[in-house]
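Contents: one structure, followed by commentary.
The values are calculated or read from the model by the stated rules, or taken from the named source; none is laboratory data. Note that the structure is a prediction, hence the values are computed from the model and not measured. Positions of Cβ are generated from backbone atoms using ideal geometry, with glycine treated the same way; all protein chains shown enter the neighbour counts. Heavy atoms of the whole protein, side chains included, go into the accessibility calculation; ligands, DNA and RNA do not. Shrake-Rupley method; radii C 1.70, N 1.55, O 1.52, S 1.80 Å.
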Amino acid sequence: MIKIKKSKDENNNQQLCTNACLPYVAGVTDKLKKTLSKRNIGVRFRTVKKIQQVLPSNQDPVPRLLTKGVYELKCTCGKSYIGQTGRSIQCRIKEYQRQTRLGNTDKSAIAEHVHTNENHKIDYEKIRVLDKTTRYYPRIIRESLEIMKNNNNFNREDGYRLSNTWRLAISRDR
Ligand SMILES: [Zn+2]
């Protein structure tokens, strides 16, 4: 049997190889460190995440809108607008709001709907995110399917041209 004699350094390393990673709690962790170091257990501290850091902040109540995707916006008249974006939905909403404020009816079906119908308002708070698809084709296909499904929309275009097979499948689904 071959005996391997460890050097002094190796022995020291072995003795210190056990580490405890503790959250730092003032007054408690210091005492623990003392006790553990007597037993050759090294102590590292990590900062504790505050609940505030884990939960979404109040200033950003709708992080789900920071995604690309397909969405439905409702007007107070009950009609919908279905849209899709490759940027964030929140960014698109801000664009609709600006176009509506400026009366850019040629650039936006939403601005047109609100400006041509007295007392109609888009309830941006009640936006429905229908799909968070980030890839372009699945997104525009989903948008078209949603437009097709929803007869009560004021979209100006049908979106991506889908084959009649889809149209038949959807009309049968109703
Ligand atoms: Zn309306």
**Fill in**
Filtering the stretch 78-103 down to residues that are more than 16 Å from the ligand (Cβ to nearest atom) and open to solvent by 40 Å² or more (accessible area, probe 1.4 Å) yields Gln84, Arg87, Gln90, Cys91, Arg92, Lys94, Arg98, Arg101, Leu102
**Asked** Residue check: is Ile127 aliphatic (A, V, I, L, M) and in contact (Cβ under 8 Å) with a residue 40 or more places away in the chain?
**Response** yes
**Prompt:** What number goes with the only condition from (1) at pLDDT below 90; (2) under 23 Å from the mean Cα position of the chain (by Cα); (3) not β-branched (Val, Ile, Thr) that Lys132 does not pass?
**Reply:** (1)
**Asked** Can we say Ile127 is of a type outside the set (D, E, K, R) and open to solvent by less than 30 Å² (accessible area, probe 1.4 Å)?
**Response** yes
